[in-house]
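The values are calculated or read from the model by the stated rules, or taken from the named source; none is laboratory data. Being a predicted model, the structure only gives us computed values, none of them experimental. Ideal geometry is used to build each Cβ from the backbone, glycine not excepted, and the neighbour counts take in all protein chains shown. With ligands, DNA and RNA removed, areas are computed over all heavy atoms of the protein, side chains included. Shrake-Rupley method; radii C 1.70, N 1.55, O 1.52, S 1.80 Å.
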Amino acid sequence: MNKENEAGAEPGIVETAAAEVSHPFNEEAWNRETYDAWIQRFGNPAEAAARIGKQPLKSLSVLGEAIGSPEGKRIMNLMGSNGSKAVALALLGASVTVVDFSPGNRRYALELAEAAGVPLDYIVSDVLKLETESLAGQFDVVFAEMGILHYFVDLAPFMQLARTLLAPNGRFVLRDFHPVSTKLISSRGTTAKIRKHKVDGDYFDTSLEEQEASFAKYAEGEPPKVLLRKWNIGEIVTAAAQSGLTICSLTEEPNLSGDSFDRGIPKTFTLISQKN
Ligand SMILES: C[S@@+](CC[C@H](N)C(=O)[O-])C[C@H]1O[C@@H](n2cnc3c(N)ncnc32)[C@H](O)[C@@H]1O
(Lines give C-alpha, C1' and ligand atoms only; values in the text may rest on other atoms or scores of the structure.)
Protein backbone atom coordinates (compact mmCIF):
# COMPACT_ATOMS: atom_id res chain seq x y z
CA MET A 1 0.00 0.00 0.00
CA ASN A 2 1.43 3.41 -0.94
CA LYS A 3 1.19 6.54 1.06
CA GLU A 4 2.04 10.07 -0.04
CA ASN A 5 5.45 11.16 1.10
CA GLU A 6 5.29 14.11 3.47
CA ALA A 7 8.07 16.01 5.30
CA GLY A 8 11.47 16.14 3.60
CA ALA A 9 10.34 14.36 0.45
CA GLU A 10 11.11 15.37 -3.09
CA PRO A 11 8.00 16.45 -5.01
CA GLY A 12 6.08 13.74 -6.83
CA ILE A 13 7.84 10.92 -4.98
CA VAL A 14 5.79 8.23 -3.31
CA GLU A 15 7.08 6.26 -0.34
CA THR A 16 6.11 2.69 0.54
CA ALA A 17 6.68 0.84 3.82
CA ALA A 18 9.74 -1.44 3.35
CA ALA A 19 8.25 -4.45 5.11
CA GLU A 20 5.45 -4.63 2.56
CA VAL A 21 7.60 -4.65 -0.56
CA SER A 22 10.40 -7.15 0.00
CA HIS A 23 9.43 -10.49 1.45
CA PRO A 24 11.07 -11.80 4.72
CA PHE A 25 10.91 -15.28 3.18
CA ASN A 26 13.53 -14.17 0.62
CA GLU A 27 15.92 -12.70 3.20
CA GLU A 28 15.90 -16.01 5.08
CA ALA A 29 16.79 -17.91 1.91
CA TRP A 30 19.68 -15.59 1.01
CA ASN A 31 21.15 -15.72 4.50
CA ARG A 32 21.71 -19.46 4.21
CA GLU A 33 25.05 -20.79 3.10
CA THR A 34 25.81 -18.23 0.41
CA TYR A 35 29.52 -18.10 1.31
CA ASP A 36 29.94 -21.84 0.74
CA ALA A 37 27.83 -21.66 -2.42
CA TRP A 38 30.20 -19.05 -3.91
CA ILE A 39 33.24 -21.14 -2.98
CA GLN A 40 31.62 -24.03 -4.86
CA ARG A 41 30.78 -21.84 -7.84
CA PHE A 42 33.86 -19.58 -8.19
CA GLY A 43 36.53 -21.22 -6.00
CA ASN A 44 38.13 -19.47 -3.05
CA PRO A 45 38.28 -15.65 -3.14
CA ALA A 46 41.98 -15.63 -4.10
CA GLU A 47 41.30 -17.79 -7.17
CA ALA A 48 38.27 -15.72 -8.14
CA ALA A 49 40.18 -12.44 -7.65
CA ALA A 50 42.99 -13.67 -9.91
CA ARG A 51 40.43 -14.48 -12.65
CA ILE A 52 38.70 -11.08 -12.40
CA GLY A 53 42.07 -9.30 -12.20
CA LYS A 54 43.14 -10.70 -15.57
CA GLN A 55 40.26 -9.04 -17.44
CA PRO A 56 38.18 -6.81 -15.17
CA LEU A 57 36.46 -4.98 -18.05
CA LYS A 58 35.53 -8.20 -19.83
CA SER A 59 34.08 -9.63 -16.62
CA LEU A 60 31.64 -6.70 -16.54
CA SER A 61 30.18 -7.62 -19.95
CA VAL A 62 27.36 -5.26 -21.08
CA LEU A 63 27.45 -3.53 -17.71
CA GLY A 64 30.91 -2.13 -18.52
CA GLU A 65 29.58 -0.31 -21.61
CA ALA A 66 26.50 0.93 -19.76
CA ILE A 67 28.52 2.37 -16.87
CA GLY A 68 31.21 3.93 -19.05
CA SER A 69 34.72 4.61 -17.73
CA PRO A 70 34.71 3.71 -13.99
CA GLU A 71 37.95 5.62 -13.29
CA GLY A 72 37.37 8.04 -10.40
CA LYS A 73 33.63 7.36 -10.20
CA ARG A 74 31.69 6.76 -6.99
CA ILE A 75 29.57 3.70 -7.66
CA MET A 76 26.82 2.04 -5.62
CA ASN A 77 25.94 -1.59 -6.38
CA LEU A 78 22.49 -2.38 -4.96
CA MET A 79 22.00 -6.09 -4.13
CA GLY A 80 25.59 -6.68 -5.19
CA SER A 81 25.80 -10.25 -3.94
CA ASN A 82 29.30 -11.82 -3.91
CA GLY A 83 30.96 -8.55 -5.02
CA SER A 84 32.44 -9.80 -8.29
CA LYS A 85 31.15 -6.82 -10.32
CA ALA A 86 32.06 -4.38 -7.55
CA VAL A 87 35.62 -5.72 -7.36
CA ALA A 88 36.04 -5.52 -11.15
CA LEU A 89 34.92 -1.86 -11.04
CA ALA A 90 37.26 -1.12 -8.13
CA LEU A 91 40.15 -2.64 -10.10
CA LEU A 92 39.25 -0.21 -12.91
CA GLY A 93 39.59 2.76 -10.56
CA ALA A 94 36.10 3.28 -9.11
CA SER A 95 35.29 3.70 -5.45
CA VAL A 96 32.55 1.13 -4.85
CA THR A 97 29.92 0.49 -2.18
CA VAL A 98 27.72 -2.61 -2.14
CA VAL A 99 24.44 -3.07 -0.28
CA ASP A 100 23.05 -6.58 0.17
CA PHE A 101 21.27 -8.27 3.05
CA SER A 102 23.32 -11.47 3.06
CA PRO A 103 26.24 -11.63 5.54
CA GLY A 104 27.63 -14.69 3.69
CA ASN A 105 27.79 -12.60 0.50
CA ARG A 106 29.56 -9.84 2.41
CA ARG A 107 32.17 -12.23 3.74
CA TYR A 108 32.93 -13.56 0.26
CA ALA A 109 32.98 -10.08 -1.30
CA LEU A 110 35.35 -8.60 1.30
CA GLU A 111 37.74 -11.53 0.97
CA LEU A 112 37.55 -11.13 -2.81
CA ALA A 113 38.36 -7.41 -2.56
CA GLU A 114 41.24 -8.06 -0.19
CA ALA A 115 42.67 -10.73 -2.50
CA ALA A 116 42.34 -8.31 -5.44
CA GLY A 117 44.05 -5.57 -3.42
CA VAL A 118 41.20 -3.04 -3.70
CA PRO A 119 39.06 -1.27 -1.08
CA LEU A 120 35.34 -2.13 -0.94
CA ASP A 121 32.55 -0.82 1.30
CA TYR A 122 29.93 -3.48 1.91
CA ILE A 123 26.78 -2.62 3.86
CA VAL A 124 24.63 -5.51 5.10
CA SER A 125 21.07 -4.22 4.93
CA ASP A 126 17.75 -4.71 3.24
CA VAL A 127 18.04 -2.11 0.47
CA LEU A 128 14.62 -0.78 1.36
CA LYS A 129 15.66 -0.21 4.96
CA LEU A 130 19.01 1.36 4.06
CA GLU A 131 20.06 4.28 6.25
CA THR A 132 20.47 6.88 3.47
CA GLU A 133 21.33 9.98 5.48
CA SER A 134 25.07 9.88 4.77
CA LEU A 135 24.70 8.21 1.35
CA ALA A 136 22.11 10.42 -0.36
CA GLY A 137 23.42 12.26 -3.42
CA GLN A 138 26.85 10.62 -3.12
CA PHE A 139 27.04 8.41 -6.23
CA ASP A 140 27.83 9.08 -9.90
CA VAL A 141 26.43 5.66 -10.81
CA VAL A 142 23.98 3.38 -9.03
CA PHE A 143 23.60 -0.04 -10.57
CA ALA A 144 21.80 -3.31 -9.94
CA GLU A 145 21.86 -6.33 -12.15
CA MET A 146 20.62 -9.79 -13.04
CA GLY A 147 17.99 -11.10 -10.69
CA ILE A 148 16.86 -7.91 -8.95
CA LEU A 149 13.37 -6.61 -9.61
CA HIS A 150 11.48 -9.85 -9.00
CA TYR A 151 12.29 -9.53 -5.27
CA PHE A 152 9.95 -6.54 -4.92
CA VAL A 153 6.18 -6.51 -4.84
CA ASP A 154 6.22 -2.76 -5.51
CA LEU A 155 8.95 -1.17 -7.66
CA ALA A 156 8.44 2.43 -6.55
CA PRO A 157 10.57 2.35 -3.34
CA PHE A 158 13.49 0.67 -5.11
CA MET A 159 13.52 3.22 -7.96
CA GLN A 160 13.15 6.00 -5.44
CA LEU A 161 16.15 4.68 -3.49
CA ALA A 162 18.31 4.72 -6.63
CA ARG A 163 17.31 8.32 -7.27
CA THR A 164 18.02 9.34 -3.67
CA LEU A 165 21.54 7.86 -3.78
CA LEU A 166 22.50 9.54 -7.08
CA ALA A 167 24.37 12.82 -7.34
CA PRO A 168 22.87 15.35 -9.80
CA ASN A 169 23.33 14.03 -13.37
CA GLY A 170 24.19 10.61 -11.93
CA ARG A 171 22.98 7.53 -13.79
CA PHE A 172 21.01 4.51 -12.66
CA VAL A 173 21.95 1.39 -14.64
CA LEU A 174 19.52 -1.46 -14.21
CA ARG A 175 20.18 -4.71 -16.03
CA ASP A 176 17.90 -7.67 -15.52
CA PHE A 177 16.37 -10.72 -17.17
CA HIS A 178 13.88 -9.93 -19.93
CA PRO A 179 10.25 -10.73 -19.07
CA VAL A 180 9.62 -12.24 -22.52
CA SER A 181 12.04 -14.99 -21.47
CA THR A 182 11.13 -15.19 -17.79
CA LYS A 183 7.34 -14.98 -17.93
CA LEU A 184 6.07 -15.46 -21.50
CA ILE A 185 8.12 -18.20 -23.16
CA SER A 186 9.18 -21.56 -21.74
CA SER A 187 12.08 -23.38 -23.41
CA ARG A 188 13.36 -26.95 -23.49
CA GLY A 189 16.48 -28.57 -24.93
CA THR A 190 20.10 -27.77 -24.19
CA THR A 191 21.48 -27.40 -27.73
CA ALA A 192 20.41 -25.08 -30.55
CA LYS A 193 19.45 -28.09 -32.68
CA ILE A 194 16.88 -29.58 -30.32
CA ARG A 195 15.80 -26.37 -28.61
CA LYS A 196 11.98 -25.83 -28.53
CA HIS A 197 10.02 -22.82 -27.27
CA LYS A 198 6.41 -22.52 -26.20
CA VAL A 199 4.45 -19.33 -25.63
CA ASP A 200 2.58 -20.61 -22.60
CA GLY A 201 3.12 -17.90 -19.99
CA ASP A 202 1.08 -14.86 -19.07
CA TYR A 203 3.04 -11.64 -19.71
CA PHE A 204 0.56 -9.75 -17.51
CA ASP A 205 0.56 -12.18 -14.57
CA THR A 206 0.94 -10.29 -11.27
CA SER A 207 1.05 -13.25 -8.87
CA LEU A 208 3.99 -14.27 -6.62
CA GLU A 209 5.86 -17.36 -7.77
CA GLU A 210 7.89 -19.71 -5.55
CA GLN A 211 11.25 -20.74 -7.07
CA GLU A 212 14.62 -22.06 -5.96
CA ALA A 213 17.09 -19.26 -5.16
CA SER A 214 19.68 -18.75 -7.90
CA PHE A 215 22.54 -20.06 -5.71
CA ALA A 216 20.52 -23.21 -4.77
CA LYS A 217 22.39 -25.45 -7.17
CA TYR A 218 25.65 -24.72 -5.33
CA ALA A 219 24.20 -25.07 -1.81
CA GLU A 220 23.88 -28.26 0.21
CA GLY A 221 20.67 -29.81 1.57
CA GLU A 222 17.09 -28.66 0.94
CA PRO A 223 17.25 -26.02 -1.86
CA PRO A 224 16.47 -22.55 -0.51
CA LYS A 225 13.31 -21.03 -2.05
CA VAL A 226 12.36 -17.44 -2.82
CA LEU A 227 9.07 -15.73 -3.72
CA LEU A 228 9.22 -13.76 -6.95
CA ARG A 229 7.01 -11.13 -8.63
CA LYS A 230 7.93 -10.94 -12.30
CA TRP A 231 7.50 -7.48 -13.82
CA ASN A 232 6.89 -6.67 -17.46
CA ILE A 233 8.87 -4.03 -19.36
CA GLY A 234 6.08 -1.45 -19.26
CA GLU A 235 5.82 -1.73 -15.47
CA ILE A 236 9.60 -1.39 -15.04
CA VAL A 237 10.09 1.65 -17.28
CA THR A 238 7.00 3.33 -15.84
CA ALA A 239 8.26 2.79 -12.27
CA ALA A 240 11.64 4.37 -13.12
CA ALA A 241 9.99 7.35 -14.84
CA GLN A 242 7.50 7.85 -11.99
CA SER A 243 10.33 7.98 -9.45
CA GLY A 244 11.45 11.20 -11.14
CA LEU A 245 14.35 9.68 -13.10
CA THR A 246 14.70 10.64 -16.76
CA ILE A 247 14.80 7.61 -19.05
CA CYS A 248 17.90 7.69 -21.28
CA SER A 249 17.70 4.30 -22.97
CA LEU A 250 16.19 0.86 -22.85
CA THR A 251 18.25 -1.78 -24.65
CA GLU A 252 16.89 -5.28 -25.14
CA GLU A 253 19.59 -7.90 -25.49
CA PRO A 254 19.67 -11.31 -27.20
CA ASN A 255 21.47 -14.31 -25.78
CA LEU A 256 25.03 -13.00 -25.49
CA SER A 257 26.61 -16.31 -24.53
CA GLY A 258 26.34 -18.00 -27.96
CA ASP A 259 25.66 -16.89 -31.54
CA SER A 260 22.78 -19.01 -32.75
CA PHE A 261 21.25 -20.25 -29.50
CA ASP A 262 17.74 -18.76 -28.99
CA ARG A 263 18.33 -16.26 -31.78
CA GLY A 264 15.62 -13.58 -31.93
CA ILE A 265 14.48 -13.95 -28.32
CA PRO A 266 15.18 -11.11 -25.87
CA LYS A 267 17.08 -12.48 -22.84
CA THR A 268 18.11 -9.43 -20.83
CA PHE A 269 17.55 -5.67 -20.88
CA THR A 270 19.49 -2.63 -19.72
CA LEU A 271 17.57 0.44 -18.61
CA ILE A 272 19.60 3.61 -18.13
CA SER A 273 18.03 6.58 -16.43
CA GLN A 274 19.38 9.81 -15.05
CA LYS A 275 18.79 12.14 -12.12
CA ASN A 276 18.39 15.70 -13.36
C1 LIG B 1 20.41 -12.85 -7.87
S2 LIG B 1 21.36 -11.85 -6.83
C3 LIG B 1 21.74 -10.50 -7.80
C4 LIG B 1 22.70 -10.88 -8.80
C5 LIG B 1 24.10 -10.44 -8.54
N6 LIG B 1 24.33 -9.24 -9.26
C7 LIG B 1 24.98 -11.57 -8.98
O8 LIG B 1 25.38 -11.58 -10.16
O9 LIG B 1 25.21 -12.48 -8.16
C10 LIG B 1 20.21 -11.15 -5.75
C11 LIG B 1 20.89 -10.52 -4.55
O12 LIG B 1 19.97 -9.67 -3.94
C13 LIG B 1 20.07 -9.79 -2.53
N14 LIG B 1 18.78 -9.31 -2.07
C15 LIG B 1 17.53 -9.75 -2.41
N16 LIG B 1 16.59 -8.96 -1.86
C17 LIG B 1 17.27 -7.98 -1.16
C18 LIG B 1 16.87 -6.87 -0.38
N19 LIG B 1 15.58 -6.57 -0.20
N20 LIG B 1 17.82 -6.09 0.18
C21 LIG B 1 19.14 -6.38 0.02
N22 LIG B 1 19.59 -7.42 -0.71
C23 LIG B 1 18.66 -8.21 -1.28
C24 LIG B 1 20.44 -11.23 -2.29
O25 LIG B 1 21.12 -11.41 -1.07
C26 LIG B 1 21.32 -11.52 -3.49
O27 LIG B 1 22.67 -11.30 -3.21
_Answer from Leu149, Leu166 - the residue that is closer than 13 Å to Met79 by Cβ, open to solvent by less than 20 Å² (accessible area, probe 1.4 Å) and either under 18 Å from the mean Cα position of the chain (by Cα) or away from the ligand (no atom under 13 Å from the Cβ) (or both)_ = Leu149
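Across segment 233-264, which residue is least open to solvent (accessible area, probe 1.4 Å) among those that are within 30 Å of Arg41 (Cα to Cα) and modelled with pLDDT of 95 or more? Show your work before the answer.
Our first condition is that a residue be within 30 Å of Arg41 (Cα to Cα); within segment 233-264, this holds for 251-264.
Keeping just the survivors that are modelled with pLDDT of 95 or more gives 251-253.
On the way: Thr251: 66, Glu252: 108, Glu253: 14 Å².
Residue satisfying both the conditions and the ranking: Glu253.
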*Do we have any residue at all in segment 252-265 that's assigned to a helix (DSSP H, G or I) and farther than 30 Å from Gly104 by Cα?*
no
*Residues being open to solvent by 50 Å² or more (accessible area, probe 1.4 Å) and in a loop (DSSP other than H, G, I, E, B) - total across segment 174-192*: 3
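So is Thr97 in a loop (DSSP other than H, G, I, E, B), open to solvent by 10 Å² or more (accessible area, probe 1.4 Å), more than 26 Å from Glu252 (Cα to Cα) and polar (S, T, N, Q) or not?
On the way: in a loop (DSSP other than H, G, I, E, B): no; open to solvent by 10 Å² or more (accessible area, probe 1.4 Å): yes; more than 26 Å from Glu252 (Cα to Cα): yes; polar (S, T, N, Q): yes.
The answer is no for Thr97.
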*asked:* Consider segment 135-154. How many of its residues are at pLDDT 95 or above and part of a strand (DSSP E or B)?
replied: 7
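Taking the condition of being in a loop (DSSP other than H, G, I, E, B), among the aliphatic types (A, V, I, L, M) and open to solvent by 30 Å² or more (accessible area, probe 1.4 Å), how many residues in segment 102-134 meet it? Spell out how you get there, then give the answer.
Quick first cut of segment 102-134, residues in a loop (DSSP other than H, G, I, E, B) only: 102, 117-120, 125-126, 130-134.
Now narrow it down to the ones that are among the aliphatic types (A, V, I, L, M): 118, 120, 130.
This time we only want the ones that are open to solvent by 30 Å² or more (accessible area, probe 1.4 Å), so: none.
Qualifying residue count for the region: 0.
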*Residue count for segment 227-276, restricted to those that are in contact with a Gly (Cβ under 8 Å, 6 or more places away or on another chain) and without any contact (Cβ under 8 Å) to a residue 60 or more places away in the chain*: 1
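Residue-by-condition table, conditions (1) more than 17 Å from the chain's Cα centre (by Cα); (2) under 23 Å from Thr164 (Cα atoms); (3) aliphatic (A, V, I, L, M):
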position	(1), (2), (3)
Thr97	no, yes, no
Arg107	yes, no, no
Leu110	yes, no, yes
Ser125	no, yes, no
Lys129	no, yes, no
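Mind listing just one residue for me: the one in segment 54-94 that is part of a helix (DSSP H, G or I) and of a type in the set (S, T, N, Q) and, of those, surrounded by the fewest Cβ atoms within 10 Å (Cβ to Cβ)? Lay out the reasoning, then the answer.
Going residue by residue through segment 54-94, those that are part of a helix (DSSP H, G or I) are 54, 56-60, 62-67, 84-91.
Now drop any that are not of a type in the set (S, T, N, Q), which leaves 59, 84.
Working: Ser59: 18, Ser84: 23.
Once the filter is applied, the top-ranked residue is Ser59.
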*Among the residues of segment 99-143, which ones are away from the ligand (no atom under 16 Å from the Cβ) and farther than 25 Å from Ser273 by Cβ?*
Glu114, Ala115, Ala116, Gly117, Val118, Pro119
